[in-house]
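Sharing a structure below in structure tokens format, with a few things to ask.
The values are calculated or read from the model by the stated rules, or taken from the named source; none is laboratory data. What you are looking at is a predicted structure, and each value in this text was computed from that prediction instead of being measured. Using ideal geometry, Cβ is built from the backbone for each residue, glycine included, and neighbour counts are taken over all protein chains shown. These area figures cover heavy atoms from the full protein model, side chains too; ligands, DNA and RNA do not enter into them. Shrake-Rupley method; radii C 1.70, N 1.55, O 1.52, S 1.80 Å.
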2 protein chains.
Amino acid sequence: MLNYSTSEENYIKTIFHLQVDNDTVTTNALAHELLTRPASVTDMMKKLKTKKLVQYQPYKGFRLNMEGKKVALSIIRRHRLWEFFLSEKLKFDWDEIHDVAEELEHVSSRKLVDKLDEFLGYPKFDPHGDPIPDVHGKMENFQRVSLSALPFNTLAEVCLVSNQSSGMLEVLRHKNIAIGTKLEVKKKFGFDNSLEIKIRQQAPVTISEQLAKNIFVKYGS
Amino acid sequence: MLNYSTSEENYIKTIFHLQVDNDTVTTNALAHELLTRPASVTDMMKKLKTKKLVQYQPYKGFRLNMEGKKVALSIIRRHRLWEFFLSEKLKFDWDEIHDVAEELEHVSSRKLVDKLDEFLGYPKFDPHGDPIPDVHGKMENFQRVSLSALPFNTLAEVCLVSNQSSGMLEVLRHKNIAIGTKLEVKKKFGFDNSLEIKIRQQAPVTISEQLAKNIFVKYGS
DNA sequence: ATATTTTTTTAGATTTGTCTAAATTTTAAT
DNA sequence: ATTAAAATTTAGACAAATCTAAAAAAATAT
């Protein structure tokens with residue numbers, strides 16, 4: 001895999017994110033996302049086309065080809081590994097990690113990234129719950145977040161409980177929640193951040209913020 | 001402190017290194033060091049002068065002013081902290097860390113650097129034995145390396161013994177070496193990498209490679 | 001002290017990535 | 001099916017960082 005400039009990498013990564021389900025990406029959408037001008041996007045698309053990373057016909061939009069996706073995944077891998085590092089090792093707050101990772105992701109040493117991955121213990125999800133691509137670009141195709149970060153009315157499945165104390169297990173049993181339980185969050189009570197959740201064919205139950213933070217669920221395509 | 005481009009930072013850092021003892025740095029010397037052309041150096045010096053980081057009179061060479069030195073120290077701080085991280089945490093070999101650190105040093109988030117410093121335990125020397133500037137730009141003014149990395153005929157003082165086993169202490173006592181002992185390395189026997197060392201007013205003694213690697217000395221202005 | 005060599009600077013060009021304004025193509029509306 | 005609006009591309013310009021070749025200044029040698 002060749003090396004690409006920071007600017008090229010930002011375009012590639014952003015096309016990847018916009019191109020969910022292989023939709024064609026438009027010039028305006030990309031310009032808007034990158035806080036730049038449509039004319040600049042056109043210029044860059046010509047370049048990425050000659051570098052054989054995108055399919056592009058003037059006026060017809062563009063999409064990453066196989067090689068482009070491979071490059072995108074390696075950038076996303078770097079970004080999410082650095083996010084994990086910043087959060088887990090350097091104790092950054094969630095809302096501070098993105099911008100720093102945005103810079104670190106462009107340091108392209110392959111060996112650095114793979115050794116960082118090893119050092120971190122080959123994490124599968126970053127602190128936002130997004131899956132981290134492995135060395136080969138493979139990753140889980142769902143999000144994993146704590147129940148307190150799950151969007152409303154989104155069906156999700158319990159996959160992890162981070163606090164294994166007997167008190168925790170007791171309340172889980174009482175609420176009828178176990179690994180594999182499918183549920184969705186219906187409502188949040190701002191007063192104490194407790195959540196009303198709905199398990200299929202059961203009456204809604206309320207869960208404390210503390211409990212919600214320790215239950216991890218997976219969702220998404 | 002403002003932000004500077006990668007290129008500007010490389011110039012600033014290199015001037016700092018060339019400018020030992022406040023010597024004036026010449027255009028050719030800097031061009032040679034940065035693998036660039038004298039004309040490019042002149043261009044950049046004009047820029048750094050308008051940014052008030054260097055003193056510069058055409059044809060008269062240049063040197064960093066106070067602000068320039070402050071910036072240089074912060075770049076060197078980042079570089080050496082990353083070198084320490086790469087070596088200590090990611091287990092890179094000594095000869096692989098420089099180039100990667102050269103890239104990482106340009107990620108300029110102040111918070112990142114300070115949290116990294118904390119995570120690493122506020123190390124005072126990088127893996128090459130060079131001192132790491134602290135948050136305020138202060139650092140030790142000597143090198144600290146293992147005896148096996150000490151240049152020949154350089155007076156140095158033992159300041160640390162990394163292996164505290166009784167066997168180690170026994171051989172040290174036998175060779176008359178303790179914290180504070182002043183010595184220099186005279187010769188290296190390539191066959192087994194043993195070293196001949198000279199302690200003042202004593203006959204030379206020979207030290208095994210293994211022992212030398214565990215004795216750390218400080219030297220330099 | 002003058003000539004020669006070396007160093008440094010200037011002038012003008014190049015590359016990358018960006019921009020604005022105008023032209024072109026596509027899409028939507030009547 | 002035209003026309004109007006929106007999206008996209010082209011043309012030409014600019015800033016940063018670099019380069020080569022030529023000019024100017026400083027250092028050195030005779």
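Please compute the Kirkwood hydrodynamic radius of the range B:1-127 from all pairs of different C-alpha atoms, in Å with one decimal.
Numbers: mean 1/r = 0.0651 Å⁻¹.
Computed over Cα pairs of the range B:1-127, the Kirkwood hydrodynamic radius comes out at 15.4 Å.
I'd like the Kirkwood hydrodynamic radius of the range B:108-157, using the inverse of the mean 1/r over distinct C-alpha pairs, in Å.
12.4 Å
In nm, one decimal, shortest first: how far is the label point of A:Thr42 (7 Å from Cα along Cα to beta carbon) from the matching points in the other copies?
4.0
Under the Karplus relation 6.51 cos²θ - 1.76 cosθ + 1.60, θ = phi - 60°, what is the ordered set of whole-Hz ³J(HN,Hα) values for the range A:18-35, x standing for Gly and Pro?
Computed from phi, the couplings for the range A:18-35 are 6, 8, 4, 6, 6, 4, 6, 9, 9, 4, 4, 4, 5, 4, 4, 5, 8, 6 Hz.
Can I ask one more? Once you keep just the Cα pairs under 8 angstrom separated by 6 or more residues, what percentage relative contact order results for the range B:144-219?
Reported as a whole number, the value is 45 percent.
When the Cα centres of the range B:22-47 and the range B:165-182 are compared, how far apart do they sit, in Å?
48 Å
Going by amide H atoms built from the backbone, whose H comes under 5 Å of the H on B:Glu140, apart from near neighbours?
Answer set, sorted by chain and number: B:Ile132.
If you restrict to DSSP beta bridges whose two residues both lie in the protein assembly as shown, what percentage is antiparallel, to the nearest 5?
95 percent
I would also like to ask the following. Hey, with R₀ at 35 Å, roughly what FRET efficiency would B:Thr6 and B:Ala149 work out to, going by the Cβ-Cβ distance, to 0.05?
Once the sixth-power term is evaluated, E becomes 0.70.
Among A:His32, A:His106, A:His128, which one shows the biggest mean-square fluctuation in a GNM of chain A, springs joining Cα atoms closer than 10 Å?
A:His32
Return one number: the angle in degrees, 0 to 90 and rounded to the nearest 10, between the long axis of the Cα atoms of helix B:166-175 and the longest principal axis of the Cα atoms of chain B.
That helix lies at roughly 90 degrees to the long axis.
Would you kindly calculate the mean projected area, averaged across all directions, of the convex hull enclosing the Cα atoms of the range A:6-64, in square nanometres?
3.4 nm²
Quick check: at a probe of 1.4 Å, how many percent of the accessible area of the range B:155-212 sits on carbon and sulfur atoms? Intermediate values should be presented prior to the final figure.
Details: 1870 of 3660 Å².
The C+S portion of the solvent-accessible surface of the range B:155-212 is 51 percent.
If r is the Cβ-Cβ distance from A:Glu88 to B:Lys124 and R0 is 25 Å, what FRET efficiency results, to the nearest 0.05?
Numbers: r = 25 Å, r/R0 = 1.02.
So the FRET efficiency works out to roughly 0.45.
Counting each DSSP H run of 4 or more residues in chain A as -39500 (n - 2.57), what helix-only mean residue ellipticity at 222 nm follows after dividing by all residues, to the nearest 500 deg cm²/dmol?
Computed ellipticity for chain A at 222 nm equals -13000 deg cm²/dmol.
If eta is 1.567 mPa s and T is 4 °C, what Stokes-Einstein diffusion coefficient results for the range B:155-217, Kirkwood Rh from Cα pairs, in µm²/s? Each step should come with its number before you reach the end.
On the way: Rh = 11.8 Å.
The estimated diffusion coefficient comes to 110 µm²/s.
Give me the base-10 log of I(q)/I(0) for the range B:65-221 at each q in 0.09, 0.10, 0.19 Å⁻¹, Debye formula, one uniform scatterer per Cα, rounded to two decimals.
With one equal scatterer per Cα and no solvent, log10 I(q)/I(0) is -0.35, -0.43, -1.13.
Moving to a separate point now. For A:Arg200 and A:Lys111 in one chain, what is 0.36 nm times their gap in residues minus the Cα-Cα distance, to one decimal in nm? Each step should come with its number before you reach the end.
Values: separation 89, 0.36 × 89 = 32.04 nm, distance 4.69 nm.
So the chain would gain 27.4 nm between A:Arg200 and A:Lys111.
When Cβ neighbours within 10 Å are restricted to other protein chains, what is their mean count per residue of peptide B:76-87?
Taking all residues of B:76-87 together, the mean is 1.
Under unit Cβ charges (Lys, Arg +1; Asp, Glu -1), what dipole magnitude, rounded to 20 debye, does chain A have relative to its Cα centre?
So the dipole magnitude of chain A works out to roughly 760 debye.
Pairs of Cα atoms under 8 Å, at least six residues apart: use those to get the relative contact order of chain B, whole percent.
Details: 316 pairs, mean separation 32.2, N = 221.
This gives 15 percent for chain B.
Just the number please: accessible area per residue for the range B:1-121, 1.4 Å probe, all protein chains included, in Å².
53 Å²
Let me have the relative contact order for the range B:6-64, percent, based on Cα pairs under 8 Å that are six or more residues apart.
Values: 57 pairs, mean separation 20.8, N = 59.
Reported relative contact order: 35 percent.
Would you mind checking the tilt of helix A:66-88 against the longest principal axis of the Cα atoms of chain A, expressed as 0 to 90 degrees and rounded to 10?
For A:66-88 against chain A, the angle is about 50 degrees.
Then there is this: What average number of partner chain Cβ atoms lie no more than 10 Å from the Cβ of the residues making up B:108-114?
That works out to 4 on average.
Then there is this: Going through the cross-link list A:Lys69/A:Lys124; B:Lys49/B:Lys115; B:Lys89/B:Lys188; B:Lys124/B:Lys198; B:Lys115/B:Lys213, which pairs have a Cα-Cα distance over 22 Å in this structure?
Exceeds cut-off: B:Lys49/B:Lys115; B:Lys89/B:Lys188; B:Lys124/B:Lys198; B:Lys115/B:Lys213.
May I pose another question? Taking both sides together, what accessible area is buried at the B/A interface, probe 1.4 Å, expressed in Å² and rounded to the nearest 100?
For chain B against chain A, roughly 1700 Å² becomes buried.
Still on this structure, I have one more. Hey, what angle do you get for helix B:38-50 against the long axis of chain B, alpha-carbon based, 0 to 90 degrees rounded to 10?
Once rounded, the angle reads 80 degrees.
Can you list, shortest first in nanometers, how far A:Asp192 lies from the same residue in the other copies, with each label 7 Å from Cα toward Cβ?
Nearest first, the other copies' label points are 7.4 nm away.
Mind checking the mean number of beta-carbon atoms from other chains within 10 Å of the Cβ atoms in A:163-173?
Neighbouring Cβ atoms belonging to other protein chains average 0 per residue here.
So which residue, out of B:Ala203, B:Ala31, B:Ala101, gets the largest mean-square fluctuation from a GNM of chain B using Cα contacts under 10 Å as springs?
Result: B:Ala203 has the largest fluctuation of those listed.
Could you tell me what % of all Cα pairs in the protein assembly as shown have separations over 44 Å?
Every Cα pair in the protein assembly as shown considered, those over 44 Å come to 32 percent.
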